[in-house]
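K.L.:
Have a look at the structure that comes next, please.
The values are calculated or read from the model by the stated rules, or taken from the named source; none is laboratory data. In this text, all values refer to a predicted model and were calculated from it rather than measured experimentally. Note that each Cβ is placed from the backbone with ideal geometry, even for glycine, and that neighbours are counted across all protein chains shown.
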Amino acid sequence: MPRFSRIQQEVASELRALVASSMLPQPLAAQAMASLERAIGWDGYRLFGVDHRTLLINRLLAASDNDGWARKEWLQEVYLVDETLPYIQLPTILQSGLRGVAYQERQHESWGYPESMLERVSPEEHYRYFFESRSPVGGVLMAGFAARGRWLAALQTYRRDTGRAFTPGEVDFLRRMSSVVADALHAAFLRERALERSPADPQASGVVLLDSDGEVTYASPVAREWIDLIGRDE
């Protein structure tokens with residue numbers, strides 16, 4: 001496994017610190033993206049929350065200031081459109097368990113994809129679609145973030161400079177940081193949920209007794225309410 005560069009080490013430490021932060025999803029997402037940009041670099045990005053059952057986008061967590069028109073165009077003309085290449089659709093990337101891929105001008109330089117996925121499309125068709133769809137000429141770096149076996153979010157970043165294609169090392173770093181970012185987002189979603197559905201008395205505390213196996217042997221009524229709020233499935 002390749003070693004991290006100095007800047008990658010710094011960014012990895014920043015991302016790990018977010019896991020224990022008290023931030024809510026949107027400010028945390030913006031901070032995580034600011035850190036990742038220092039290590040990778042891009043001209044624009046958007047980070048979406050996704051429904052773990054359908055893998056469809058359900059919210060915008062963070063985006064660069066210049067992404068508005070590009071995001072609208074992508075949502076209208078690319079997202080879930082049947083005529084696109086199958087391996088650029090976010091649900092397909094997540095269904096395939098991919099935590100980091102780079103979609104670029106040349107198929108053989110589209111890093112992170114399994115060969116079995118790419119071989120469904122000819123290199124010529126890939127090249128033609130890349131330009132016909134007005135893809136960012138420097139390529140698109142995409143990632144999925146999963147925690148506790150469930151996909152939480154999906155990232156798209158892009159470059160608009162033909163001389164700055166994404167590298168295998170950048171894809172690898174994003175993949176290796178995927179679980180860290182996912183853990184931070186998971187904790188932030190739990191905080192958000194608890195605030196939205198907190199007990200009538202937000203200062204109320206509860207008592208929980210556990211046995212040696214970690215099983216609950218007693219929980220006061222308020223404690224059970226908190227357990228339900230924190231652990232409830234979406």
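K.L.:
Kindly list, by first and then second residue, each pair from a residue in region 9-30 that is over 19 Å from residue 169 (Cβ atoms) to a residue that is among the β-branched types (Val, Ile, Thr) and crowded, with 17+ Cβ neighbours inside 10 Å, limited to pairs with Cβ atoms under 6 Å and residues at least 6 apart or on different chains.
P.N.:
Going by the 6 Å Cβ cut-off, the qualifying pairs are 16/180.
K.L.:
Of all strands (runs of 3 or more DSSP E) completely enclosed by region 70-181, which ones contain at least 3 residues that are under 22 Å from residue 58 (Cβ atoms) and touching a residue at least 12 places away in the same chain (Cβ under 8 Å)?
P.N.:
Because the criterion is at least 3 residues that are under 22 Å from residue 58 (Cβ atoms) and touching a residue at least 12 places away in the same chain (Cβ under 8 Å), the strands (runs of 3 or more DSSP E) in region 70-181 that meet it are 140-147, 150-158.
K.L.:
Here is a further query. State yes or no: is residue 41 at pLDDT 95 or above, on the phi > 0 side of the Ramachandran plot and small (Gly, Ala, Ser)?
P.N.:
Considered against the rule, which asks whether it is at pLDDT 95 or above, on the phi > 0 side of the Ramachandran plot and small (Gly, Ala, Ser), residue 41 comes out as yes.
K.L.:
Now, a different point. Has region 1-22 got any residue that is touching a strand residue (DSSP E or B) at 6+ places or on another chain (Cβ under 9 Å), buried (at least 16 other Cβ atoms within 10 Å of the Cβ) and assigned by TED's automatic domain parsing to the domain that holds residue 151?
P.N.:
no
K.L.:
Need pairs with beta-carbon distance below 8 Å; first residue in contact (Cβ under 8 Å) with a residue 60 or more places away in the chain and within region 42-69, second assigned to a loop (DSSP other than H, G, I, E, B) and of a type in the set (A, V, I, L, M); sequence gap 6+ or separate chains.
P.N.:
50/56
K.L.:
Of the conditions (1) within 26 Å of residue 19 (Cα to Cα); (2) crowded, with 21+ Cβ neighbours inside 10 Å; (3) among the aliphatic types (A, V, I, L, M), residue 57 satisfies every one except a single condition; which number is it?
P.N.:
Just one mismatch for residue 57, condition (2).
K.L.:
Also, I was wondering about something else. Since residue 131 meets every condition but one in (1) touching a Leu at 6+ places or on another chain (Cβ under 7 Å); (2) farther than 30 Å from residue 25 by Cα, which condition does it not meet?
P.N.:
Every condition holds for residue 131 apart from (1).
K.L.:
Same structure, new question: Out of region 202-219, which residues are closer than 21 Å to residue 190 by Cβ, modelled with pLDDT of 75 or more and surrounded by 11 or more Cβ atoms within 10 Å (Cβ to Cβ)?
P.N.:
The answer is 206, 208, 210, 216, 219.
K.L.:
Out of everything in region 75-98 that is closer than 12 Å to residue 133 by Cβ and aliphatic (A, V, I, L, M), what residue ends up being nearest to the chain's Cα centre (by Cα)?
P.N.:
88
K.L.:
For region 44-53, does any single residue satisfy the condition of being in a loop (DSSP other than H, G, I, E, B), more than 21 Å from residue 149 (Cα to Cα) and modelled with pLDDT under 95?
P.N.:
Within region 44-53 (the criterion being in a loop (DSSP other than H, G, I, E, B), more than 21 Å from residue 149 (Cα to Cα) and modelled with pLDDT under 95), the answer is no, since none of the residues qualifies.
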